[in-house]
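Take a look at the structure below.
The values are calculated or read from the model by the stated rules, or taken from the named source; none is laboratory data. These figures come from a predicted structure and were not determined experimentally. Because the Cβ atoms are built from the backbone with ideal geometry, glycine has one as well, and the counts that use them run over all protein chains shown. What goes into the accessible areas is simple: the full protein's heavy atoms, side chains included, and nothing from ligands, DNA or RNA. Shrake-Rupley method; radii C 1.70, N 1.55, O 1.52, S 1.80 Å.
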Amino acid sequence: MTSPDLPAELRTALNARLEGLSRSDAAGRAAVISQTYREGGGSGTIRTETDALAYALARMPATYAAVVASLNALTEIRPDFAPASLLDVGAGPGTATWAAAETFTSLNGFTLLDANGALRTLAEGLFHGSIRLRDINYELGQARALLDKADPADLVVASYMIGELGETERAALADTLWSKTGDTLLVVEPGTPAGYARIIALRARLIAAGAHVIAPCPHDGGCPLVAPDWCHFSQRLQRSRAHKQVKGADAPFEDERFAYVVLSRARVENRPSRVLAQPDVGKVEVAAKLCTPEGVVVARVPRRAKADYASARRWRWGDAV
């Protein structure tokens with residue numbers, strides 16, 4: 001499994017750009033940018049190098065962790081998947097590209113699309129010191145227009161970007177993303193009810209178009225969860241000193257909540273069940289909420305079943321079991 005923490009090469013490149021940057025200024029800009037995103041806005045408030053760095057400091061570690069967790073779920077179910085090409089849509093500072101490159105050594109072609117010039121400039125600067133990533137193709141413009149001209153890729157990723165679009169535009173983008181997917185598509189969104197709803201709508205639309213779910217769902221049927229419940233997961237990551245400063249936080253770690261779906265043109269048989277919440281481990285039994293091919297169940301593993309109990313004690317939220 002790929003580590004959820006930023007790779008050393010990326011940390012070094014990011015730290016080099018932080019020299020001389022006022023942490024208080026960065027924290028202020030990061031707060032404004034984060035508020036804009038929470039209110040449903042996009043990256044339009046990121047206009048300068050300082051803005052881009054503040055955004056990267058505040059959000060890049062958590063976004064990277066969520067994308068890596070989603071890719072780890074993919075590789076656990078399809079360990080033989082070895083994509084050669086990546087299309088990163090709404091690439092921002094290149095976070096998903098770094099995550100995919102760390103996960104798949106087979107990747108040798110990288111195309112990134114985004115409309116924000118400041119984020120592209122930062123991404124290209126961070127890639128510059130990497131032998132493997134320095135020759136990536138990063139195109140600037142609106143996603144739909146660029147996607148229409150882009151070549152298909154084995155792996156297509158859209159992370160934390162479909163929430164910036166209206167419902168009609170999201171549906172059209174979903175179709176275009178799928179048309180450019182040679183094998184597998186990953187979409188990641190914030191782990192909120194609204195983020196989950198966007199994932200579920202895209203999932204249903206693309207299943208109707210012939211896609212098959214690889215993760216997190218163990219089936220291609222409708223989501224069995226009933227509101228106010230929603231499907232989301234959590235990934236813990238370590239915070240650097242600069243990360244804590246720009247977030248105004250003291251805790252050495254952060255838990256990123258996210259929702260995701262991995263869709264493929266290839267059907268996978270006998271997909272495992274998924275742990276939907278942190279299991280309740282007691283002295284008598286382990287109780288775990290699972291999404292199974294038959295629906296949502298609460299699995300109860302008694303202590304007297306020693307081997308099964310020992311295994312269930314190791315289950316964690318988001319695991320395939």
Q: Would you check which residues across the range 217-241 are of a type in the set (D, E, K, R), open to solvent by 70 Å² or more (accessible area, probe 1.4 Å) and either touching a Gly at 6+ places or on another chain (Cβ under 7 Å) or more than 21 Å from R29 (Cβ to Cβ) (or both) and list them?
A: R236
Q) How many residues are of a type in the set (A, V, I, L, M, F, W, C) and surrounded by fewer than 22 Cβ atoms within 10 Å (Cβ to Cβ) if we restrict to the range 197-216? A) 9
Q: Of the conditions (1) open to solvent by 10 Å² or more (accessible area, probe 1.4 Å); (2) over 14 Å from the mean Cα position of the chain (by Cα); (3) closer than 19 Å to M60 by Cα, L140 clears all except one; give me its number.
A: (3)
Q) Of R304, R313, R300, R267, which residue is in contact with an Asp or Glu (Cβ under 6 Å, 6 or more places away or on another chain) and either closer than 18 Å to H212 by Cβ or of a type in the set (K, R) (or both)? A) R300
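A quick yes/no check of all residues on (1) among the aliphatic types (A, V, I, L, M); (2) part of a helix (DSSP H, G or I); (3) closer than 26 Å to V268 by Cα:
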| site | (1), (2), (3) |
| --- | --- |
| A54 | yes, yes, no |
| A58 | yes, yes, no |
| D80 | no, no, yes |
| P83 | no, no, yes |
| L87 | yes, no, yes |
| G92 | no, no, no |
| A100 | yes, yes, yes |
| E124 | no, yes, no |
| D151 | no, no, yes |
Q) Mind checking which residues of the range 227-254 are in a loop (DSSP other than H, G, I, E, B), closer than 23 Å to A54 by Cα and either touching a strand residue (DSSP E or B) at 6+ places or on another chain (Cβ under 8 Å) or free of Cβ contacts under 8 Å to residues at least 12 places away in the same chain (or both)? A) R239, A249, D250, P252
Q.
Out of the residues in the range 233-261 meeting the condition of being among the basic types (K, R) and modelled with pLDDT of 80 or more, tell me which one is nearest to Y160 (Cα to Cα).
A. R257
Q. So P79 clears everything in (1) free of Cβ contacts under 8 Å to residues at least 12 places away in the same chain; (2) in contact with a strand residue (DSSP E or B) (Cβ under 8 Å, 6 or more places away or on another chain) except one condition, right? Which one?
A. (2)
Q.
If I go through the range 180-226 residue by residue, how many of them are at negative phi, of a type outside the set (D, E) and in a loop (DSSP other than H, G, I, E, B)?
A. 15
Q. Can L126 be described as among the aliphatic types (A, V, I, L, M), surrounded by 16 or more Cβ atoms within 10 Å (Cβ to Cβ) and either without any contact (Cβ under 8 Å) to a residue 60 or more places away in the chain or farther than 12 Å from G90 by Cα (or both)?
A. yes
Q) Pick from A73, A65: which is out of contact with any Leu (no Cβ under 9 Å at 6 or more places or on another chain), crowded, with 21+ Cβ neighbours inside 10 Å and in a helix (DSSP H, G or I)? A) A73
**Q.** Index of the failed condition, R29 passing every other in (1) in contact with a helix residue (DSSP H, G or I) (Cβ under 8 Å, 6 or more places away or on another chain); (2) modelled with pLDDT of 95 or more
**A.** (2)
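Quick grid of which residues meet (1) out of contact with any helix residue (DSSP H, G or I) (no Cβ under 7 Å at 6 or more places or on another chain); (2) of a type in the set (S, T, N, Q); (3) touching a residue at least 40 places away in the same chain (Cβ under 8 Å); (4) open to solvent by less than 30 Å² (accessible area, probe 1.4 Å):
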| residue | (1), (2), (3), (4) |
| --- | --- |
| G92 | no, no, yes, yes |
| A96 | no, no, yes, yes |
| N108 | yes, yes, no, no |
| L112 | no, no, no, yes |
| P152 | yes, no, yes, no |
| V157 | no, no, yes, yes |
| T168 | yes, yes, no, no |
| V187 | no, no, yes, yes |
Q) Are any of the residues in the range 222-232 among the aliphatic types (A, V, I, L, M) and at pLDDT 95 or above? A) yes
Q) Only one of (1) surrounded by 15 or more Cβ atoms within 10 Å (Cβ to Cβ); (2) over 27 Å from D5 (Cβ atoms) is not met by K244, so which one is it? A) (2)
